[in-house]
1. Filter the chymotrypsin sites (Phe, Trp or Tyr not before Pro) in the chain down to the DSSP loop ones having no more than 10 other Cβ atoms within 10 Å, then list what survives.
2. Would you work out the relative contact order for the chain, in percent, from Cα pairs under 8 angstrom that are 6 or more residues apart?
3. Would you mind getting the accessible area per residue of the chain, heavy atoms of the protein chains only, 1.4 Å probe, in Å²?
4. Can you pull out the trypsin sites (Lys or Arg not before Pro) in the chain whose DSSP state is coil and whose Cβ has at most 14 other Cβ atoms within 10 Å?
5. On a full-extension model of 0.36 nm per residue, what is the gain between Val49 and Ser18, subtracting their alpha-carbon distance, rounded to one decimal in nm?
6. Leaving ligands, DNA and RNA out of it, report the carbon-plus-sulfur percent of the accessible area of the chain at a 1.4 Å probe.
7. Does anyone have the angle between helix 3-18 and the longest principal axis of the chain? Alpha-carbon axes, 0 to 90°, nearest 10?
8. May I ask for the equivalent-ellipsoid semi-axes of the chain, computed as the square root of five times each C-alpha gyration tensor eigenvalue and listed largest first in whole Å?
Amino acid sequence: MSNEQRTQRMEKLETLRSHGVAPYPEKFTINFDLSEAGQLEDGTSGVRVAGRIMGIRKFSKFAFMT
């Protein structure tokens, strides 16, 4: 990483912090289990789930994640 890249990243960090955003959050809250989220209606907003993405397959406008 060059000094220029490092400087830009440090500036972005400071900008986030000055806006009250934690750049490295300690906790991520979820409001649905993954199995519950899979049964929600399409277009439901505000869904927060957590998990590990093991694979991504992209087909033009569609993407499938395992």
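1. Phe28
2. Working: 34 pairs, mean separation 12.4, N = 66.
The normalised contact order for the chain reaches 19 percent.
3. With all protein chains present, the chain gives 100 Å² per residue.
4. Lys27, Arg48, Arg52, Lys61
5. Going from the current span to full extension adds 8.4 nm.
6. 52
7. In the chain, helix 3-18 runs at an angle near 70 degrees to the longest axis.
8. Equivalent ellipsoid of the chain: 32, 19, 11 Å, largest first.
The values are calculated or read from the model by the stated rules, or taken from the named source; none is laboratory data. Being a predicted model, the structure only gives us computed values, none of them experimental. Counting neighbours? That spans all protein chains shown, and the Cβs are built from the backbone with ideal geometry, glycine included. Accessible surface areas use protein heavy atoms only, side chains included; no ligands, DNA or RNA. Shrake-Rupley method; radii C 1.70, N 1.55, O 1.52, S 1.80 Å.
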